[in-house]
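Structure record follows, encoded as structure tokens.
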Ligand SMILES: Cc1cc2nc3c(=O)[nH]c(=O)nc-3n(C[C@H](O)[C@H](O)[C@H](O)COP(=O)(O)O)c2cc1C
């Protein structure tokens, strides 16, 4: 877990904003906590802070403001996010933005998505923005961070490999790449395990529906990455962000062909 960023959220209605906060925390490799917990920690130790909540009566949740008010005037990067019922964001972020700017913070960007809303007139039609935020919205949240604050995102070391080896059944390719001063060891191509970040918790081993992930000397890897169905459960559930999938559309089609003849798990 990297400790340079933190995400603070309130999500009192339907957990819509919590979903965004958690997806963002994955990309930044940081913690996401609610504002009550945030009141008890020293936020000045973080280089970047994300503030987000549902929009309730035209602005962020009052507890988010309380946390922001507690900040000192030190230099820090901040970003704002929200989920809302209204199709348009309008001026919903303005009050919080003003407060943070007054505190001398640098605003890196703001992000908002539509979230399920069953209040007021929406109740007549069984709710608006049903199913939102959805997977696509979570991807948009990730892209927002990569576009606006790439320096804080967990780097994908696999992209640095110059000569990639062919993937073979029963064999795992191992690469070493430099990340600043650190030498990072990666195992696998389609399913890449960062051996430096893996803490050997075994969650990926347990969660993989095809049981293709193994553990050796407390580190995860796969000898059967060609069997991967790209369900992404391992990647999404790795709290250390030690797993990255690297597939293109050709690989995705190969998966369909490879598994097409399967009759059961
Ligand atoms: C009490 C209340 C007030 C709301 N006020 C607004 C509003 O002023 N504008 C808007 O776009 N959505 C409004 N909404 C809808 C929420 O912003 C939306 O459902 C949001 O996704 C909730 O996030 P949460 O599930 O993280 O709490 C309101 C919802 C509630 C429950």
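Read the figures in this text as sums done on the coordinates, not as results from a lab. Model, not experiment: these values are computed from the prediction. Cβ placement follows ideal geometry from the backbone for every residue including glycine, while neighbour counts extend to all protein chains displayed.
One quarter of the surface of the convex hull around the alpha-carbon atoms of the stretch 114-212 equals 10.4 nm², the direction-averaged projected area.
Classify the stretch 20-168 from the C-alpha gyration tensor, please: rounded if a/c falls under 1.5, else prolate or oblate depending on whether a/b exceeds b/c. It is oblate, given that a/c is not under 1.5 and a/b is not larger than b/c. Listed from fewest to most Cβ neighbours within 10 Å, the set 30, 201 follows the order 201, 30.
Each part gets one Cα centre, and for the stretch 181-202 versus the stretch 63-80 those centres are 34 Å apart. Taking other C-beta atoms within 10 Å as the exposure proxy, 215, 24, 73 rank 73, 215, 24 from fewest upward.
Compared with the rule-of-thumb size 2.2 N^0.38 Å for a compact globular protein, the stretch 157-260 has a Cα radius of gyration ratio of 1.02.
The alpha-carbon positions of the chain define a convex hull whose volume is 158 Å³ per residue.
So how tilted is helix 249-260 from the main axis of the chain? Cα-based, degrees 0 to 90, rounded to 10. Around 60 degrees separate the two axes. Annotation for the stretch 82-142 versus the stretch 151-175: alpha-carbon center distance of 36 Å.
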